[in-house]
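For reference, the structure is listed below as structure tokens.
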């Protein structure tokens, strides 16, 4: 097992990339989907289940963990890997997105951001240095710079200001992170929906020679075609020998199309959140199990799935669990969704290695278009 952080590009098919992110706690096969463990847990799942589904890495959230139970407490208890019983790689975000979107009141300055907790109203100050300090206390393998993520649409002046502030904060985060063998800090490309600002941000971060590069500020309200266009101008600027991580994305179609444009890593609450609300993802597309048409449907979600949640329970029973608000419903549907996401990622990895990614993409989309009521 490696003692250093690194990235190996195994092969390409068009712009789609097959690689391996190497960390002392294990390899991350890319393209990779990271289940979101916001508060140190992937909701409605056991850690062992998440691993068995094929996840090489999970995401922890700096904002939530600093508020509860507190980064210093987690450090005293052995770090997030021990605390959460997840001995494999962990990526933490910087907390910036949650500060901007969840905090009751926030005040942004060059030094950092002062905000009130959405839990109890207590005031906190988050600087680039404090964000890195918290992530180091948590002990994550991959850490994110603090950035300002603004919602779209926004004026070019606002987007430029946030992008330039994020670059200055990236420099400060790099200094605060220092040299930590086996760990990595990623910069975050900003620039909203303005191609020239995306390129400017990517070029500046590239010059910092970081160990990886994230693409932030997308999937924040803009149409998918805008997101994909930003990837088309950003990915070619980023180093080919470093991992590329698209933050907070997304639907299965988002993953498929983003991989086609050169993205290596993803995270999103969608599969877990959707599962808790009665929606599932399958090779036949999305299914809403709250719909009354499932009440008498004896079929499983997918009889050919290797996931028991998809294979061994009828849609009628799953519909009943969802409508009754039973915890088992959330558990089974989350299990199904994360299984499907990891199966999709494995399918993409295999297709890229075989030089048939475009065929895989077309076949996958055709199956989604056929719908969940297609003959099984």
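The values are calculated or read from the model by the stated rules, or taken from the named source; none is laboratory data. None of the values given here were measured: they were computed from a predicted structure. Please note: Cβ atoms are built from the backbone with ideal geometry, for glycine as well, and neighbour counts cover all protein chains shown.
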Next item on the list: Could you list all residues from the stretch 234-255 that are over 16 Å from residue 214 (Cβ atoms) and buried (at least 22 other Cβ atoms within 10 Å of the Cβ)?
Entry: 252
Checklist line | The one condition in (1) crowded, with 20+ Cβ neighbours inside 10 Å; (2) modelled with pLDDT under 95 that residue 1 fails to fulfil | finding: (1)
Check: Restricting attention to the stretch 82-99, and to residues there that are crowded, with 20+ Cβ neighbours inside 10 Å and out of contact with any helix residue (DSSP H, G or I) (no Cβ under 7 Å at 6 or more places or on another chain), which single residue is nearest to residue 307 (Cα to Cα)?
Finding: 89
Check: Any residue in the stretch 198-209 that is at positive phi and in contact (Cβ under 8 Å) with a residue 40 or more places away in the chain?
Finding: no
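So which residues in the stretch 292-311 are closer than 17 Å to residue 330 by Cβ and surrounded by fewer than 16 Cβ atoms within 10 Å (Cβ to Cβ), if there are any at all?
Quick first cut of the stretch 292-311, residues closer than 17 Å to residue 330 by Cβ only: 294, 301, 307-310.
Selection gives 308 alone.
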Check: For residue 299, all conditions in the list (1) closer than 30 Å to residue 260 by Cα; (2) touching a residue at least 24 places away in the same chain (Cβ under 8 Å); (3) in contact with a strand residue (DSSP E or B) (Cβ under 8 Å, 6 or more places away or on another chain) hold save one; what is the number of the exception?
Finding: (1)
Next item on the list: List the helices (runs of 4 or more DSSP H) that sit entirely inside the stretch 275-375 and contain at least 3 residues that are under 21 Å from the mean Cα position of the chain (by Cα).
Entry: 327-354
Checklist line | Breaking point among (1) at positive phi; (2) under 23 Å from the mean Cα position of the chain (by Cα), for residue 141 | finding: (1)
Checklist line | Subset of the stretch 327-345 [out of contact with any strand residue (DSSP E or B) (no Cβ under 7 Å at 6 or more places or on another chain) and surrounded by 13 or more Cβ atoms within 10 Å (Cβ to Cβ)] | finding: 328, 329, 330, 331, 332, 334, 335, 339, 343, 344
Check: If a residue has to be assigned to a helix (DSSP H, G or I) and surrounded by fewer than 24 Cβ atoms within 10 Å (Cβ to Cβ) to count, how many in the stretch 256-271 make the cut?
Finding: 3
